[in-house]
1. Looking at 46, 58, 33 in this structure, which one is modelled with pLDDT of 95 or more and of a type outside the set (S, T, N, Q)?
2. Give the stretch 74-99 a look and list any residue that's of a type in the set (S, T, N, Q) and surrounded by 11 or more Cβ atoms within 10 Å (Cβ to Cβ), or say none.
3. Would you tally the residues in the stretch 55-67 being of a type outside the set (A, V, I, L, M, F, W, C) and crowded, with 17+ Cβ neighbours inside 10 Å?
4. Where in the stretch 28-138 are the strands (runs of 3 or more DSSP E), entirely inside, with at least 3 residues that are in contact (Cβ under 8 Å) with a residue 40 or more places away in the chain?
5. For the stretch 68-81, which residues satisfy the criterion of being over 16 Å from residue 118 (Cβ atoms) and either of a type in the set (Gly, Ala, Ser) or touching a strand residue (DSSP E or B) at 6+ places or on another chain (Cβ under 7 Å) (or both)?
6. Can you find, within the stretch 100-117, the residue that is surrounded by the most Cβ atoms within 10 Å (Cβ to Cβ) among those that are under 14 Å from residue 86 (Cα atoms) and not aromatic (Phe, Trp, Tyr)?
Amino acid sequence: MKKIKLLLKVAVAFLFAFLLSFNLMVKGAMATGEFSRTCEDIELKGSTLIANCDTSYGDDVDSSLNLDEFIGNLDGTLSWGDHNFSQTCRAVGLGQLLSTKAYILSAECERADQQSYISTDIVLDEHIANIEGTLTYE
């Protein structure tokens, strides 16, 4: 009987440790993006995103991030993981989604045929984060 109780305690401890580690992994995975929750005075100059962002120490820090390094134009559609969208897009601007207040980058981008443009946008809060006052791509 004592062996069963000991085995049961070990099993419960193992299960608790497993669930705790799983929770930490999920929490870290959900931490991407959402810079607009902790940054203000957000603007776009050329392809550079500029904002005043909070740190965990309560300070405000001016920060900037060149979006050309992380966003490209894929046949008229703004896309993450590519580069230099500003070379083939025009009428570039910032906007905010009414439902979530997330910031979007909108533009008219050239199609692969190099003769037509289409309107497109991409949600910046999906991959841009504020890490201790620094705008960062995640």
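The values are calculated or read from the model by the stated rules, or taken from the named source; none is laboratory data. Model, not experiment: these values are computed from the prediction. Neighbour counts run over all protein chains shown; Cβ positions are idealised from the backbone, glycine included.
1. Values: 58 fails: modelled with pLDDT of 95 or more; 33 fails: modelled with pLDDT of 95 or more.
After applying the criteria, what remains is 46.
2. We begin by selecting, within the stretch 74-99, every residue of a type in the set (S, T, N, Q); these are 77, 79, 84, 86-88, 96, 99.
Those that are of a type in the set (S, T, N, Q) and surrounded by 11 or more Cβ atoms within 10 Å (Cβ to Cβ): 77, 79, 84, 86, 87, 88, 96.
3. Residues of the stretch 55-67 of a type outside the set (A, V, I, L, M, F, W, C): 55-60, 62-64, 66.
Now drop any that are not crowded, with 17+ Cβ neighbours inside 10 Å, which leaves 63.
Qualifying residue count for the region: 1.
4. On the way: elements: 39-45, 48-54, 60-66, 71-74, 77-80, 89-96, 103-110, 117-123, 128-131, 134-137.
Once the strands (runs of 3 or more DSSP E) in the stretch 28-138 are filtered for at least 3 residues that are in contact (Cβ under 8 Å) with a residue 40 or more places away in the chain, what remains is 39-45, 48-54, 60-66, 77-80, 89-96, 117-123, 128-131, 134-137.
5. 68, 70, 80, 81
6. First, pick out the residues of the stretch 100-117 that are under 14 Å from residue 86 (Cα atoms): 105-111, 117.
Now drop any that are not not aromatic (Phe, Trp, Tyr), which leaves 105-111.
Working: 105: 22, 106: 16, 107: 24, 108: 15, 109: 26, 110: 18, 111: 14.
Among those that are under 14 Å from residue 86 (Cα atoms) and not aromatic (Phe, Trp, Tyr), it is 109.
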